[in-house]
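Undergrad: Below: one structure in structure tokens.
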Amino acid sequence: MSLKNVAIVACGLAPFGVRKATWRELVQEASKSLFDDVQNLDKKDIDSLFVGAAMPERFAFQSHVAPLVAEQVGIVPHKVVTRTELACSSGQSAVRTAWASIVTGLSDIALCMGVEKMNMPNMLETQTSMACVLEREWDGVQGASAPPFFAMCAQRHMHKYGTTVEQMAMVSEKNHHFSTTNPYAQFQKEIPAEKVLGSPMIAPPLRLFDCSGITDGAAAVILTSEERAKEFTDTPTYIIGSGQCSMASNLANYKSLSTWHPLKIAAKEAYRSAKIGPMDLDFAELHDCFTISEIIEYEDAGFCEKGEGGKFIEEGQSNIGGKMPINTRGGLLGTGHPLGATGIGQIVEVMQQFRSTVPKERLVDGAEMAMTHNLSGAANVHSILVFGRSPT
Amino acid sequence: MTTIVLPYMLDFYPLQDEDNTRVHQFYASLREGKLTTTKCKNCGGLFWPPRVACPGCNSDQFEWVELPDEGELYAFTAMLLGAPLGMEKDVPFVLGMVLLDGTEFKVLSRIGNTKYEDCGIGMRVKLETYELEDGRVWFRFVPVD
């Protein structure tokens, strides 16, 4: 069997934020945006649908969401129709699965829709639902959810490598700055580091602006083979590598909080499959659900030496003009984090960077290669896709 | 108005009796103040949390062993904002990962009888068990005197 190169040929977004809109309305908005972006595509030719959604059962009291999305966007998928759930990586999972389906020739044209509606009239319900992203019976039951877990990662990283809360605040400042250039982002205001350090404590050492938001949003892409890509766009984005690793679930079984071993494994495989080294990338979208996450990711994705992530942000290496621009659309910290939509939202940024359609102040000029990374749960799963402006 | 009789399925605490779980012995031991887990009789693998099938050698023959009831804080934080439903009244509370003596298990637990400011990495803690309002049993760690 010959394996196919895969291209992304169209992308669409529903604005991220605290939206006065339902789950299905977000889907329709992203769908409109998506189909406005593509030429010459007959919806009848879309044979597969992958829906990335983390918790519609909890947030929207809705299961079996793939047929609902198919109807909302007006397609009759007849090769593959399914939902992918991997908590915070649900969106990337949709694209990974669509990619695999096209690689093998099972699907010809696939639509991926990532969506989450997280803001509810009673936010306590959202907070409670988020606790089941951890292993609920043994870890969630203790009252833990994402902020306490990442707080302990920060504590261990500070303890072992001398990372500071000031360095963490700089990550938030950078990403909130980028999100002011992004009209689709939840947060539209500059948050200087001092403001981060003065914001309410959530789970020490993490404060409010060390944490990504509770967000509604949707994002969508269309994938097809390299052979067909040019029918639909002059500027396809190719998937040229990938890696993914899951290691442990119960926190008791973690090797380390300050080194994310599954990320190291996923990154190694992503670079191997793309036949590149980390510094061959021109920019990256990393999963900055918390400021400490981005710092650990600089290290374990291979952009700097272990323990030097704090220095990396302090020196401006993750800004435009630095060694590796990170999260130019504003990251999860600035754009918000609608779980199922996040991974696809990052891919939209890659595509728009390659097309040079993002505002100038966040453009990585002449970028040829990039990656998107998501972690999920308590950072026990890491997923990476590598993209190129050309297929190899 | 329908009254939901506890325990219902979407609360946090596991269903603990033999009608609902094959590791009910864990909870029976916890009621006696002991933290236990399963050890594979075939390969000797020790797992947390308890198992009914061995992920190492595929055996389903286990014995119950007692885990150390003391350990040290590997990491800790406190929940100050955003606690889940039913736990709002506990805020603020300390959470920590307890490295159980002589094991590699860093068990996540509430750390009672203390404040965040008074904790430190390496602090000695010991097991404490308690009964939930509905009669189920649970555990936490507290500083060693």
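Undergrad: Please determine whether any residue of the range A:146-159 is part of a strand (DSSP E or B), within 14 Å of chain B (Cβ to nearest Cβ), crowded, with 24+ Cβ neighbours inside 10 Å and not β-branched (Val, Ile, Thr).
TA: No: zero hits.
Undergrad: Can you confirm whether the range A:280-298 contains a residue that is open to solvent by 10 Å² or more (accessible area, probe 1.4 Å) and free of Cβ contacts under 8 Å to residues at least 60 places away in the same chain?
TA: No: the range A:280-298 contains no residue that is open to solvent by 10 Å² or more (accessible area, probe 1.4 Å) and free of Cβ contacts under 8 Å to residues at least 60 places away in the same chain.
Undergrad: Ok, one more. Check the range B:70-90 and report whether any residue there is in a loop (DSSP other than H, G, I, E, B), more than 10 Å from chain A (Cβ to nearest Cβ), without any contact (Cβ under 8 Å) to a residue 40 or more places away in the chain and open to solvent by less than 50 Å² (accessible area, probe 1.4 Å).
TA: no
Undergrad: Something else now. Can you tell me which condition residue A:335 does not meet? The list is (1) free of Cβ contacts under 8 Å to residues at least 24 places away in the same chain; (2) in contact with a strand residue (DSSP E or B) (Cβ under 7 Å, 6 or more places away or on another chain); (3) not acidic (Asp, Glu), and all the others hold.
TA: (1)
Undergrad: Then there's this: For the subset of the range A:164-181 comprising residues that are open to solvent by less than 10 Å² (accessible area, probe 1.4 Å) and among the polar types (S, T, N, Q), which member is farthest from residue A:287 (Cα to Cα)?
TA: Within the range A:164-181, the match that is farthest from residue A:287 (Cα to Cα) is A:179.
Undergrad: Could you please tell me which pairs satisfy a Cβ distance under 7 Å, a separation of 6+ or placement on different chains, a first residue in the range A:365-378 that is over 25 Å from residue A:249 (Cα atoms) and open to solvent by 10 Å² or more (accessible area, probe 1.4 Å), and a second residue that is part of a loop (DSSP other than H, G, I, E, B) and modelled with pLDDT of 95 or more?
TA: The qualifying pairs are A:368/A:282; A:368/A:389; A:369/A:276; A:369/A:281; A:369/A:282.
Undergrad: To continue, here is another question. If you go through the range A:196-204 one residue at a time, do you hit one that is open to solvent by less than 40 Å² (accessible area, probe 1.4 Å), small (Gly, Ala, Ser), within 14 Å of chain B (Cβ to nearest Cβ) and part of a strand (DSSP E or B)?
TA: Yes, the range A:196-204 contains at least one residue that is open to solvent by less than 40 Å² (accessible area, probe 1.4 Å), small (Gly, Ala, Ser), within 14 Å of chain B (Cβ to nearest Cβ) and part of a strand (DSSP E or B).
Undergrad: Tally time: how many residues in the range B:101-124 are touching a residue at least 40 places away in the same chain (Cβ under 8 Å) and either under 13 Å from the mean Cα position of the chain (by Cα) or within 24 Å of residue B:12 (Cα to Cα) (or both)?
TA: Residues that pass the stated criteria total 3.
Undergrad: So, one more: Tell me which residues, restricted to the range A:240-268, are more than 20 Å from residue A:88 (Cα to Cα), open to solvent by 10 Å² or more (accessible area, probe 1.4 Å) and of a type outside the set (D, E, K, R).
TA: We begin by selecting, within the range A:240-268, every residue more than 20 Å from residue A:88 (Cα to Cα); these are A:240-241, A:252-253, A:255-256, A:268.
Checking the rest, the ones that are also open to solvent by 10 Å² or more (accessible area, probe 1.4 Å) come to A:240, A:253, A:255-256, A:268.
A:240, A:253, A:256 - these are the residues of the range A:240-268 that are more than 20 Å from residue A:88 (Cα to Cα), open to solvent by 10 Å² or more (accessible area, probe 1.4 Å) and of a type outside the set (D, E, K, R).
Undergrad: If you don't mind, another one. Quick one: would you say residue A:87 is closer than 18 Å to residue A:216 by Cβ, among the aliphatic types (A, V, I, L, M) and open to solvent by 10 Å² or more (accessible area, probe 1.4 Å)? Working first, answer last.
TA: Values: closer than 18 Å to residue A:216 by Cβ: yes; among the aliphatic types (A, V, I, L, M): yes; open to solvent by 10 Å² or more (accessible area, probe 1.4 Å): yes.
Taking the combined requirement at face value, the residue satisfies it.
Undergrad: So residue A:59 fits all but one of (1) crowded, with 19+ Cβ neighbours inside 10 Å; (2) closer than 17 Å to residue A:111 by Cβ; (3) modelled with pLDDT under 95; what number is the exception?
TA: Going through (1) crowded, with 19+ Cβ neighbours inside 10 Å; (2) closer than 17 Å to residue A:111 by Cβ; (3) modelled with pLDDT under 95 one by one, residue A:59 breaks only (2).
Undergrad: Looking at the range B:78-97 only, could you name the residues that are among the β-branched types (Val, Ile, Thr) and touching a Pro at 6+ places or on another chain (Cβ under 7 Å)?
TA: Matches in the range B:78-97: none.
Undergrad: Among the residues of the range A:131-140, write down those that are in contact with a helix residue (DSSP H, G or I) (Cβ under 9 Å, 6 or more places away or on another chain), surrounded by fewer than 22 Cβ atoms within 10 Å (Cβ to Cβ) and at the interface with chain B (Cβ under 8 Å from one of its Cβ atoms).
TA: A:138, A:140
Undergrad: Can you tell me which residue in the range A:112-130 is farthest from the other protein chains (Cβ to nearest Cβ), limited to those that are open to solvent by 20 Å² or more (accessible area, probe 1.4 Å) and of a type in the set (A, V, I, L, M, F, W, C)?
TA: Only one residue tops the list, namely A:120.
Undergrad: Where residues in the range B:40-69 are buried (at least 18 other Cβ atoms within 10 Å of the Cβ) and more than 19 Å from residue B:109 (Cα to Cα), which of them is farthest from the other protein chains (Cβ to nearest Cβ)?
TA: Checking each candidate, the answer is B:62.
Undergrad: Can you find a residue that is touching a strand residue (DSSP E or B) at 6+ places or on another chain (Cβ under 6 Å) and on the phi > 0 side of the Ramachandran plot anywhere in the range A:141-153?
TA: Step one: filter the range A:141-153 for residues touching a strand residue (DSSP E or B) at 6+ places or on another chain (Cβ under 6 Å), giving A:142-144, A:147-148, A:150-152.
Narrowing the set further to residues that are on the phi > 0 side of the Ramachandran plot leaves A:143.
So far as the range A:141-153 goes, yes, one or more of its residues are touching a strand residue (DSSP E or B) at 6+ places or on another chain (Cβ under 6 Å) and on the phi > 0 side of the Ramachandran plot.
Undergrad: Please work out if residue B:107 is open to solvent by less than 20 Å² (accessible area, probe 1.4 Å), within 9 Å of another protein chain (Cβ to nearest Cβ) and closer than 22 Å to residue A:149 by Cβ.
TA: So residue B:107 passes the test.
Undergrad: Is it the case that the range B:15-30 has a residue that's of a type outside the set (Asp, Glu), outside any strand (DSSP E or B), within 28 Å of residue A:151 (Cα to Cα) and out of contact with any Gly (no Cβ under 6 Å at 6 or more places or on another chain)? Working first, answer last.
TA: Taking the range B:15-30 as the starting set, the residues that turn out to be of a type outside the set (Asp, Glu) are B:15-16, B:20-30.
Retained after the next criterion (residues that are outside any strand (DSSP E or B)): B:15-16, B:20-30.
Next cut, within 28 Å of residue A:151 (Cα to Cα) only: none.
Scanning the range B:15-30 turns up no residue that is of a type outside the set (Asp, Glu), outside any strand (DSSP E or B), within 28 Å of residue A:151 (Cα to Cα) and out of contact with any Gly (no Cβ under 6 Å at 6 or more places or on another chain).
Undergrad: Which one of A:256, A:293, A:318 is under 24 Å from residue A:337 (Cα atoms) and part of a loop (DSSP other than H, G, I, E, B)?
TA: Only one candidate qualifies: A:318.
Undergrad: Being open to solvent by less than 50 Å² (accessible area, probe 1.4 Å), of a type in the set (Val, Ile, Thr) and more than 14 Å from chain B (Cβ to nearest Cβ): is that true of residue A:222 here?
TA: Judged against the criteria, residue A:222 is a match.
The values are calculated or read from the model by the stated rules, or taken from the named source; none is laboratory data. Model, not experiment: these values are computed from the prediction. In this analysis, Cβ positions are derived from the backbone assuming ideal geometry, glycine residues included, and neighbour counts consider all displayed protein chains. Note: accessible area is taken over every heavy atom of the protein model, side chains too, but ligands, DNA and RNA are not part of it. Shrake-Rupley method; radii C 1.70, N 1.55, O 1.52, S 1.80 Å.
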